[in-house]
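For reference, the structure discussed in these notes is given below.
Each value in this text was obtained by applying a stated rule to the coordinates, not by laboratory testing. None of these values were measured; they are calculated from a predicted model. A quick note on method: Cβ atoms are made from the backbone with ideal geometry, for glycine too, and the neighbour counts reach across all protein chains shown.
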């Protein structure tokens, strides 16, 4: 299941976007998720990201993000209920708790925790979409023009976890062939078996880092200016995605200035629909950011559109 979190080239339109266009699109999604507090805007972004993940054939792996977000959501709600006392719509008053004082559950605290949990799910989904549509090497080539060494470190970090998981699975299979049963024995015996697995994984990772350093030295890394053997080309689909991202960003800025994208949780909940401008701006933002998904849908079904963009 963890392999579904890695980039897999499936020949999709979203995977053939220019890295700059893809990063701009994902950056707008992540930025709006961090700025918006209105629940309708966050729900709209989540629905849009789910459609984009479906266009990238990644719904199966998205369940991992959903499970992690649900676990963190419970923690966010619990901490918010224990700490925050600003809500005026009190649902239940409980006993006195050490450190936290009187337990007071308000409707505003529940709604605020739910909104923050929704924001967390949106941000995690954006990073999951990043793994689906941008290959780490293409990201490295894009960022290396600005900061080569930092881009190399970032690329190595993105490769670290998938590599560790693959190595762990391979080592577990080898140890099982040799008769090691990780489920049998007492708790102390199982811990010793997992410690053997961890030790083997550590040695394998150190050997891999040594081989990587030798390969970098053999290719004279850092001895002079970088050479480029692959150039990314801007195509009409990249221009359309950049324009759509820019339109959504400008609309979001206008909505934030007008107060349509903000929502007041404390001391009382704000109106969900303040005016028609809220729905109008939300429709423009979702419509603009839906353009790459629509193009991806046409990419699969119309060969003419595939050739033109």
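Rank the residues 36, 127 as a footprinting-exposure proxy: fewest other Cβ atoms within 10 Å of their Cβ go first.
127, 36
Computed over the alpha-carbon pairs of the range 239-309, the distance histogram in 10 Å steps reads 19, 35, 25, 15, 6, 1 percent, short to long.
Taking 7 Å steps out from each Cα toward its Cβ at residue 246 and residue 219 produces label points 3.4 nm apart. In whole angstrom, the range 146-218 maps to an equivalent ellipsoid with semi-axes of 33, 12, 10, each derived as √(5λ) from the alpha carbon gyration tensor and ordered largest first. Evaluated at q = 0.09, 0.16 Å⁻¹, the base-10 log of the normalised Debye intensity for the range 1-128, with identical point scatterers placed on the Cα atoms, takes the values -0.35, -0.84. Contact order for the range 1-122, expressed relative to its length and based on alpha carbon pairs under 8 Å spaced 6+ residues apart, stands at 28 percent. Listed from fewest to most Cβ neighbours within 10 Å, the set 210, 62, 187 follows the order 187, 210, 62. Take every Cα pair under 8 Å whose residues are at least 6 apart in sequence, average their separation, divide by the length of the chain, and the relative contact order is 29 percent. With N as its number of residues, the chain has a Cα radius of gyration that, divided by 2.2 N^0.38 Å, comes to 1.24. Projection of the Cα convex hull of the range 184-309, averaged over all directions and equal to a quarter of that hull's surface, yields 19.1 nm². Between residue 67 and residue 211, the contour length at 0.36 nm per residue exceeds the alpha carbon distance by 48.2 nm.
Subtracting the Cα-Cα distance of residue 273 and residue 146 from their residue separation scaled by 0.36 nm leaves 41.4 nm.
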